[in-house]
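> Below are the structure tokens for one structure; questions will follow.
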Amino acid sequence: MARGLLLAQMLATVAVLAWLPGNWTKLAAMTAIWALGFRRLARAELIAMAVVNLLFVGMNSAALKRGIFTFEHPDFIGMPVYEFAMWGFYTLHTIRLLEGPAPVGGYLKAVAAAAAFSLPFGSIAEPDLLLAASAGVLALTFVLFHRPMDFAYAGYMVGLGALIEYAGVTSGQWHYPGHPAGGVPLWFATMWAGVGLFTRRLVLPPLAQRRQAGG
């Protein structure tokens, strides 16, 4: 029942992204959908969402300046207003849907791996080279972290990313330069897989600790 509600939450979010006009209207509708799907948000979850959102606002801003992609209808610093809340939602949605035991140990190693994984996305704009570099770093990261739930988080977020990316591109919310096949460059898969892996390795452990402490 809970997972069905979360899957409906994601599909409704995709529908709003693609078909509801107006960025502020999208944000209002998404916020209502997220509240219904999550039902209750702990303080630790709200903090985690805020931190993730801040991180991705910075990363998106850097990517936009390098021309990796472009939003068609921006509101602030090149982004539509709903984008300031999206990545926190993606990560919490994935944690709520997949859950599983929090990884024990290796947190600093995961931080270092995440920093290494981010380097290609912060320095390479050419799509084929970015795909090759990010796939190589991701493969090495899976050498370090290869529990079944690591692959589950990565795989689910690739599927989620495909929904978001193709819905956004085909409905004219953003575009990628160079007219890649289907409108979306293949490096989207390595990016979303990495986000999924590090959602489990970096976001889930402190959330689990706060839950145990009653926060």
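> Let me spell it out: the conditions are (1) in contact (Cβ under 8 Å) with a residue 12 or more places away in the chain; (2) of a type outside the set (Val, Ile, Thr); (3) surrounded by fewer than 20 Cβ atoms within 10 Å (Cβ to Cβ), and residue 113 meets all of them except one. Which number is the exception?
(3)
> Over 25 Å from residue 210 (Cβ atoms) and out of contact with any Phe, Trp or Tyr (no Cβ under 6 Å at 6 or more places or on another chain): which single residue out of 48, 15 fits that description?
Going through 48, 15 in turn, just one is over 25 Å from residue 210 (Cβ atoms) and out of contact with any Phe, Trp or Tyr (no Cβ under 6 Å at 6 or more places or on another chain): 15.
> In addition: Can you tell me how many residues within region 164-174 are farther than 21 Å from residue 133 by Cα and either in a helix (DSSP H, G or I) or modelled with pLDDT under 95 (or both)?
So the count comes out to 6.
> Next up: Take the residues of region 134-177 that are crowded, with 20+ Cβ neighbours inside 10 Å and of a type in the set (D, E, K, R): which is nearest to residue 19 (Cα to Cα)?
Among them, the one singled out is 165.
> Hey, another quick one. Considering 69, 76, which residue is touching a residue at least 40 places away in the same chain (Cβ under 8 Å) and within 22 Å of residue 21 (Cα to Cα)?
Selected residue: 69, the only one of 69, 76 that is touching a residue at least 40 places away in the same chain (Cβ under 8 Å) and within 22 Å of residue 21 (Cα to Cα).
> Just need a number here: residues in region 122-148 that are in contact with a Leu (Cβ under 7 Å, 6 or more places away or on another chain) and in a helix (DSSP H, G or I).
2
> Looking at region 179-215, which of the residues that are surrounded by fewer than 18 Cβ atoms within 10 Å (Cβ to Cβ) and under 21 Å from residue 136 (Cβ atoms) is modelled with the lowest pLDDT?
180
> Another question, then. Run residue 35 past the list (1) in contact (Cβ under 8 Å) with a residue 60 or more places away in the chain; (2) part of a helix (DSSP H, G or I); (3) exposed (fewer than 15 other Cβ atoms within 10 Å of the Cβ) and report the number of the one that doesn't hold.
With (1) in contact (Cβ under 8 Å) with a residue 60 or more places away in the chain; (2) part of a helix (DSSP H, G or I); (3) exposed (fewer than 15 other Cβ atoms within 10 Å of the Cβ) applied to residue 35, the lone miss is (1).
> So which of 18, 85, 48 is of a type in the set (A, V, I, L, M, F, W, C), assigned to a helix (DSSP H, G or I) and modelled with pLDDT under 95?
Checking each option against the conditions leaves just 48.
The values are calculated or read from the model by the stated rules, or taken from the named source; none is laboratory data. Not measured: the values here are computed from a predicted model. A quick note on method: Cβ atoms are made from the backbone with ideal geometry, for glycine too, and the neighbour counts reach across all protein chains shown.
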